[in-house]
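Just below is one structure, and these are the notes that go with it.
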Amino acid sequence: MGRILAIDFGKVRTGIAVTDEMQLIASGLTTVPTKELLTFLKQYVQQEYVSQIVVGEPRQMDNTPSESEALIQPFLEKLQSELPGIPVDRQDERFTSKMAAQSMIASGAKKKHRRKKELLDEISATIILQAYMERQ
């Protein structure tokens, strides 16, 4: 079994989470500048066996795509052309940022630590991955 990699795509930076090889545990991996995302992913899949990529799907409350979906679609096309052997799936990401912020508060993270948007993006990617795993 390979790892499942999840992406919380952002305009400036992107959170990334992965499972272990047995696909039992979702963990935050890192946050990378979005302009470096494809390069990072290509390097990562050379080092680790990734069997699935999950990209967060931002939706409005009425279930219509959010504005940021317009940025994600071109990325998805590039991703599939650069890494054609890895299937890509989508996962609803509504409320993940809010859930990530609440989890930081619940874990006792100090206010200064909670202001780090990179950590928020990484936790959001982990929540996306966990939701995807539960859906499977």
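Some values worked out for this structure:
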read-out: Failed criterion for ARG59 (all others in (1) under 21 Å from ARG135 (Cβ atoms); (2) basic (Lys, Arg); (3) at pLDDT 95 or above hold); value: (3)
read-out: Conditions (1) at positive phi; (2) surrounded by 16 or more Cβ atoms within 10 Å (Cβ to Cβ): number failed by VAL32; value: (1)
read-out: Criterion violated by ASP20 - all others in (1) modelled with pLDDT under 95; (2) surrounded by fewer than 19 Cβ atoms within 10 Å (Cβ to Cβ); (3) under 13 Å from THR126 (Cα atoms) satisfied; value: (1)
read-out: Matching residues in the stretch 7-43 - criterion: being under 14 Å from the mean Cα position of the chain (by Cα) and free of Cβ contacts under 8 Å to residues at least 60 places away in the same chain; value: VAL12, VAL32, PRO33, THR34, LEU37, LEU38, PHE40, LEU41
read-out: Filter pass, ALA101 being at pLDDT below 95, over 15 Å from the mean Cα position of the chain (by Cα) and either crowded, with 16+ Cβ neighbours inside 10 Å or of a type in the set (A, V, I, L, M, F, W, C) (or both); value: yes
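The values are calculated or read from the model by the stated rules, or taken from the named source; none is laboratory data. Everything numeric here is computed off the predicted structure, so don't read it as measured data. Backbone-built Cβ (ideal geometry, glycine too); neighbour counts: all protein chains shown.
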